[in-house]
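Contents: one structure, followed by commentary.
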Amino acid sequence: MITRRNFLKGLILGGTVGLLPKPSYASYGDNELATLLDLSKCIGCGACVEACKEVNGHKFPKPAKPFPKMYPSRVKVADWSDKQDVDDRLTPYNWLYIQSAYVTWKGEEYEINIPRRCMHCQNPPCANLCPWGACSKQKNGIVRINPKVCLGGSKCKKVCPWHIPERQTGVGLYLKLMPSFAGNGVMYKCDRCYDRVARGLVPACIEACPEKVQSIGPRKEIIKKAHELAKKMNGFIYGEKENGGTNTIYVSPVPFDLLNKDIEKGPGRPHLAQVPDSMADEEILGMAVLAAPIAGVSAGVIKTIGRLKS
Ligand code: SF4
Ligand code: SF4
Ligand code: SF4
């Protein structure tokens, strides 16, 4: 079926990210970078989603099949490898998708399209609480999961206020450590194109967007820009304060609680509700303090084992 989104995608994407003009981009060194998404501009064409898949496809899981016995036995198989084309939710093969909301605000009707992916929190519980040190935050604000260290226990997903990371069975270190057992697999999510950013390029989804919905820059500048934009459109901001502050800042002409009511939510489809600072919760903070030294040692040991077994 040719939907409006597919039609626009075909017209706009034209096959490859590389065909599109490259925006100029200065390397910001170790500055904490944030992205700004102007939701008044997004037409929901999906070019960003396609670009993410194209550019990051080499990082997607390549599971060994058939899966060996699950260990621990209570762990369920999570297999997206035969559904790699799914693009209406987050999966290990789809790190970005477009949510749509149809709302009336101040007597006017709006269709708002919202590109969703990891928020890259400033103080990310996924990284602070990963027991193996597989998830970490870089100085430039990127939060990423190292697939060579991740054991797929889903702690990151559980503690993430938006439950962003997605699990794939049949990959990862477990198969090297105990080849007869599948273990949990590995968790996947947007890594904000860390390898492109390291080369001074912008993330693929930003580069591919025909409407220039997203921009990237030092967090302070992005926050300033977000406030100017919100003032200009008499709009609203999401991400500046959520979970104590994130490096993904949305600006919308309609309130986010209205959008949150209308969007489809559930597994792989994150909400847009207000989120308190989860790391300010004493229990979580305590867990993080306990996890930190264990994670540091574990990551080192796991990396060494991985190297010896490869
Ligand atoms: S949105 Fe979730 S997965 Fe992403 S950095 Fe924050 S806590 Fe981690
Ligand atoms: S920043 Fe990179 S990895 Fe993240 S959604 Fe955009 S293209 Fe995908
Ligand atoms: S962010 Fe840009 S590329 Fe992505 S759906 Fe919106 S308009 Fe299209």
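Readers should treat all values here as calculations from the given coordinates under stated rules, not as data from a laboratory. What you see is a predicted model, and the numbers here were worked out from it, not measured in a lab. Cβ sites come from the backbone with ideal geometry, for glycine too, and all protein chains shown count toward neighbours.
Data overview
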quantity	calculated
Anisotropy class of the stretch 184-271 from Cα gyration tensor, a/c 1.5 cut	oblate
Three-way shape call for the stretch 116-261 based on the alpha-carbon gyration tensor, with the a/c threshold at 1.5	prolate
Kirkwood hydrodynamic radius (C-alpha pairs) into Stokes-Einstein, the stretch 35-88, 37 °C and 0.692 mPa s, D in µm²/s	226
Under-5 Å amide H pairs with PHE236, H placed in peptide plane, nonlocal only	SER252, VAL254
15 Å Cα-Cα reach of LYS220 towards aspartates and glutamates, excluding residues that sit fewer than 8 places from it in its own chain	ASP30, GLU32, GLU228, GLU240
Subset of LYS62/LYS155; LYS65/LYS265; LYS148/LYS212; LYS137/LYS232 violating a 27 Å alpha-carbon distance limit	LYS65/LYS265; LYS148/LYS212; LYS137/LYS232
Pairwise FRET efficiency - ALA280 versus LYS212, Cβ, R0 = 35 Å, nearest 0.05	0.50
Inter-probe distance in nm under a simple model that places probes 7 Å from Cα toward Cβ, at LYS158 and LYS65	2.9
Sorted by Cβ density within 10 Å, fewest first, the residues SER100, SER73	SER73, SER100
Pair LYS106, MET233: separation of 7 Å Cα→Cβ label points (nm)	1.3
Fewest-first sequence of CYS42, CYS205 by Cβ atoms within 10 Å of each Cβ	CYS42, CYS205
Trypsin sites (Lys or Arg not before Pro) lying in DSSP loop within the stretch 56-109, provided at most 15 other Cβ fall within 10 Å	ARG74, LYS76, LYS83, LYS106
Separation of alpha-carbon centers, the stretch 70-125 and the stretch 180-232, rounded to whole Å	15
Sequence of HIS227, HIS120, HIS163 once ranked by neighbouring C-beta atoms within 10 Å, starting from the fewest	HIS227, HIS163, HIS120
